[in-house]
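First comes the structure, then the notes that go with it.
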Amino acid sequence: MDIGEQILKEAPDLGTGNEEWEENRRAFWRMHSELLAQGYEGKWVAVYQGKVVDSDVDRKALIKRVFTRYGVVPAYFQIVLKNGMRKAIIRALGV
């Protein structure tokens, strides 16, 4: 198990109900069209403090990098797709 998976396993779920996480989720959807236009389609993005702080095609690599850089914080991870939401949403404390 890598560090990103370990942190996800041990960290409490700060997803739904956590105001900062909810703000990051709303920020992602506000930026969705912009992210597509900027070439993020098919990439996972990490949204923290209302902005994209990193992206990668590899979700695990993104989580690991963001956790290492920022520590355990309520970030929103989502893949950017033309058709909008995908079921794979990661709720995490760390970006």
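The values are calculated or read from the model by the stated rules, or taken from the named source; none is laboratory data. The shown structure was predicted, so the numbers you read here are calculated from the model rather than taken from an experiment. When we count neighbours, we look across all protein chains shown, and the Cβ atoms used for this are built from the backbone with ideal geometry, even at glycine.
What the table shows:
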| read-out | value |
| --- | --- |
| Matching entry among Val45, Val57 (being surrounded by 17 or more Cβ atoms within 10 Å (Cβ to Cβ) and either over 10 Å from the mean Cα position of the chain (by Cα) or within 12 Å of Tyr76 (Cα to Cα) (or both)) | Val45 |
| Residue satisfying condition, being charged (D, E, K, R), outside any strand (DSSP E or B), in contact with a helix residue (DSSP H, G or I) (Cβ under 7 Å, 6 or more places away or on another chain) and modelled with pLDDT of 90 or more, within set Lys60, Lys82 | Lys60 |
